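Undergrad: Before anything else, here's the structure in question.
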Amino acid sequence: MEYSTQRRSSKYMELSVLFPDPEGPGCCAILLTLVSYLLIICTLPFSICLCVKVVQEYERAVIFRLGRLLQGGAKGPGIFFIVPCIDTYRKVDLRTVSFDVPPQEILSKDSVTVCVDGVIYFRVINPVTVVTCIDHYSHSTRLLAATTLRNVLGTKSLADLLAERETISQQMQSSLDEATDPWGVKVERVEIKDVRLPLQLQRAMAAEAEAAREARAKVIAAEGEHKASRALKEAADVMNESSSALQLRYLQTLSTISAEKNSTIIFPLPIDVLSHFIGK
């Protein structure tokens, strides 16, 4: 009795290796499996070409036997074995994939229409989940990225959108990563490429910036005139203390004029004479 029980348990363990389903395989599944193995043995060594597969270092193979997922997860990298008649497999690329988010017309928080595009970087972290839980994970991630871009930027004002790109990118990455984690996809990076404003708004912003710069230029010029007037007043006070200082300054000015313009004829006139006429 114990011997028969051990034989049954050993036979069940062998079948469970082939069919990991807890409910166990049916009669048809067992029959097809046995026939497939007999065909492989009978057609050796030609069947090796169909049974042995290879995946690259950056790839994994998810194998299904009679529509059921095999235990042990994804296979690879390297060589793995399949039964051609009853096994199917799907390769999954684990490399980082980048794609451009198409330009999205977004109404900002302060009711300004802008056109924003971006770039997303993501990779597969769980090949089995990617194959069994979602259809076309890459397309789904692209659609979700476009929707998330509109939802996140719709809560920002135009000033925040132009000044806080890094914060917005991190917020989008966190939101996308949380949404794609059940799919076995990891969003590594999100970048906003360009923010296009309407032409009329660009002109208005340019006029505003130009007016602000002109106002600052006038303020700077006024401050310069104020400082120059103070310096001239101090210089006049110094010259007023000595009568010869003004005469020396006058002669220095004449020397400068004669050096720069040699064709000019200068007749120096004493300052005392001028002051005499001014006094009258």
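The values are calculated or read from the model by the stated rules, or taken from the named source; none is laboratory data. Please read these numbers as outputs of a predicted model, since none were measured by experiment. Cβ placement follows ideal geometry from the backbone for every residue including glycine, while neighbour counts extend to all protein chains displayed. We work out accessible area using only protein heavy atoms, side chains counted, and drop any ligands, DNA or RNA first. Shrake-Rupley method; radii C 1.70, N 1.55, O 1.52, S 1.80 Å.
Undergrad: Skipping prolines and chain starts, which residues have an amide H placed within reach, meaning under 5 Å, of the one on residue 74, given they are 5 or more residues away or on another chain?
TA: Placed amide hydrogens put 128 under 5 Å from residue 74.
Undergrad: Let me ask something additional. Can you put 46, 80, 64 in order of accessible area, largest first, using a 1.4 Å probe?
TA: The ordering from most to least exposed comes out as 46, 64, 80.
Undergrad: Name the residues whose placed amide hydrogens come within less than 5 Å of the amide hydrogen of residue 189, ignoring near sequence neighbours (fewer than 5 apart) on the same chain.
TA: Under 5 Å from the amide H of residue 189: 121.
Undergrad: Follow-up. For segment 217-231, what does the Karplus curve 6.51 cos²θ - 1.76 cosθ + 1.60, with θ = phi - 60°, yield as ³J(HN,Hα) per residue in whole Hz, taken in order and with x for Gly and Pro?
TA: Per residue, the Karplus-derived 3J(HN,Hα) values read 5, 5, 5, 5, 5, 5, 5, x, 5, 5, 5, 5, 5, 5, 5 Hz.
Undergrad: How many percent of Cα pairs in segment 40-164 exceed 21 Å?
TA: Value for segment 40-164: 57 percent of Cα pairs lie more than 21 Å apart.
Undergrad: On to the next question. Which residues' amide hydrogens lie under 5 Å from the amide hydrogen of residue 125, considering only partners 5 or more residues apart or on another chain, with H built in the peptide plane?
TA: Distant-sequence amide H within range of residue 125: 185, 186.
Undergrad: Give the peptides 122-131, 169-178, 203-212 in descending order of average Cβ contacts within 10 Å, highest first.
TA: 122-131, 169-178, 203-212
Undergrad: Given a cut-off of 19 Å, name the pairs among 156/193; 156/186; 53/186 whose C-alpha atoms lie farther apart than that in the structure shown.
TA: Violating the 19 Å limit, Cα to Cα: 156/186; 53/186.
Undergrad: Could you work out the local net charge near residue 64, counting Lys and Arg as +1, Asp and Glu as -1, over the other residues with Cβ closer than 9 Å to its Cβ?
TA: Combined, the nearby Lys, Arg, Asp and Glu give +2.
Undergrad: With r defined as the distance between the Cβ atoms of residue 58 and residue 143 and R0 fixed at 30 Å, what FRET efficiency is calculated, to the nearest 0.05?
TA: It comes out at approximately 0.75.
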